[in-house]
Every structure is written in structure tokens, then in C-alpha cells.
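Reading through the C-alpha cells given below for one structure.
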Amino acid sequence: MNIGKPFVDSWNIYIKNLGTILIGLIILIILSVITLGVLYIPLLIGLQMLFVKAKRGQAITANEVLAPVSRYFSLSFGSIGICFLVLFGLLLLIVPGLAWASWWMFAALIMYDKNAHIEEGMRLSKEIVRKNGTWWHLLFLSIVWFIDNVFVWFFGPLGFIIKFATTPLMMGAVACAYVDEAQ
């Protein structure tokens, strides 16, 4: 895995489609707040799919963020199930949780993109990650998490505005890595 490439690709897509992605992010935020977070997971997958489509050279529109809502139950409960498994692995010995987090980092995208069930999404994600280096993916995921959840707060109150910009970039980086490696 080339760790830097997904960040560069995400940045280029973000700058080229800035208005569309920001409107998509605003849709995600507003609908997540209105629904008390119930629609957050499918909307986040929708935001990532904007990057997937753009990386594949397809045109994107902000309302496409809403498309994964049609698969609400499978995407939400599948993603929550994966989160619980990763948390359980972290509580056990830390290493299983870290391995599972990296193995299944693309599972939700695969579930939506390939119209797959959770088991197939997890299996295909694990195959992709293992083929391209589990530990590189763990490092990549750690960088994404650090930038989106720690680094931005070094800027104090300005961190909120910076987080507004970094969240789509980091989710886009994961989406770009998925497109590069799932071929």
C-alpha cells in the first residue's frame, strides 16, 4: 500500500469538487442532527461514495449522499456489528482489535458498492487488506484517525472549522484507497 497516494487523491478530488462535497457534508450533518444520528452511517458511506465515483472518473452530485439510506438496515447494523467486534478485539488483547479494524476498513464501502452482505463485505475487505499489507493499512488507518480526531484540536476553537474540512478528506482518503486496491 502506498500510504500517501490516497491522501493526495482525496485532496485532488476534494479541491476539484469542493462545492459538491461540502454540500454533501452539510446534508450529512443536518440530516444526522435531525434524526439524532440515526442516518449518520449510511450518509457517511454516501459521502465516501462521492469520492469513489469521482476517483473512477464519474460525475458526482451532492444528493448522491442520500443513496445509501435505501440500504439503511444492512449498512447501519453491519457497520455497528463490525465496530462491536473491533471493540471486543481491543478489549481482549488490543492486537486482535487492531487487526480487525484494518481488515474490515473497507467492509461498509464494499457492502454498498458491490451490493454485498456483511459477511461478504468483511471477507472481501480482509482479502484486499491482507493482499496489500495489513500493517500498512493499520498505519494508514491510524494516520486517518489521528488527523481527524486529534490533530485538528491542536488549533483550539479553530479546530471545529478545520475538522469540517478534514472529515471529508479523511473519509475520502479511505474511499480512494478502496478504489485503488479493490480492482
Query - Scan of segment 94-115 for residues that are among the hydrophobic types (A, V, I, L, M, F, W, C) and either farther than 25 Å from residue 50 by Cβ or surrounded by fewer than 19 Cβ atoms within 10 Å (Cβ to Cβ) (or both), ordered by number - result: 94, 95, 98, 99, 100
Requested in this report: Would you kindly identify the helices (runs of 4 or more DSSP H) lying entirely within segment 77-183 that contain at least 1 residues that are farther than 25 Å from residue 14 by Cβ?
Outcome: 95-103, 118-132, 134-149
Query raised in the report: Do we have residue 167 as surrounded by fewer than 21 Cβ atoms within 10 Å (Cβ to Cβ) and over 22 Å from residue 55 (Cβ atoms) here?
Result: no
**Report entry** Residues satisfying the stated conditions in segment 2-37, i.e. free of Cβ contacts under 8 Å to residues at least 24 places away in the same chain, outside any helix (DSSP H, G or I) and hydrophobic (A, V, I, L, M, F, W, C)
**Finding:** 36
Query raised in the report: Taking segment 51-60 as the search range and keeping residues that are touching a residue at least 40 places away in the same chain (Cβ under 8 Å) and buried (at least 16 other Cβ atoms within 10 Å of the Cβ), which one is nearest to residue 165 (Cα to Cα)?
Result: 51
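What is the residue count in segment 134-161 for residues that are at pLDDT 90 or above and either surrounded by 13 or more Cβ atoms within 10 Å (Cβ to Cβ) or within 16 Å of the chain's Cα centre (by Cα) (or both)?
Here is the first cut: in segment 134-161, the residues at pLDDT 90 or above are 134-147.
Then keep just the ones that are either surrounded by 13 or more Cβ atoms within 10 Å (Cβ to Cβ) or within 16 Å of the chain's Cα centre (by Cα) (or both); that gives 134, 136-147.
Total meeting the criteria: 13.
Run down 164, 146, 140, 106 and say which single residue is at negative phi and free of Cβ contacts under 8 Å to residues at least 12 places away in the same chain.
On the way: 164 fails: free of Cβ contacts under 8 Å to residues at least 12 places away in the same chain; 140 fails: free of Cβ contacts under 8 Å to residues at least 12 places away in the same chain; 106 fails: free of Cβ contacts under 8 Å to residues at least 12 places away in the same chain.
Being at negative phi and free of Cβ contacts under 8 Å to residues at least 12 places away in the same chain holds for just one of 164, 146, 140, 106, which is 146.
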Query - Conditions (1) touching a Ser or Thr at 6+ places or on another chain (Cβ under 7 Å); (2) loosely packed, with under 12 Cβ neighbours inside 10 Å; (3) not aromatic (Phe, Trp, Tyr): number failed by residue 91 - result: (1)
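The values are calculated or read from the model by the stated rules, or taken from the named source; none is laboratory data. Quick caveat: nothing in here was measured; it's all calculated off a predicted structure. As a convention, Cβ positions derive from the backbone with ideal geometry for all residues, glycine included, and neighbour counts pool all protein chains shown.
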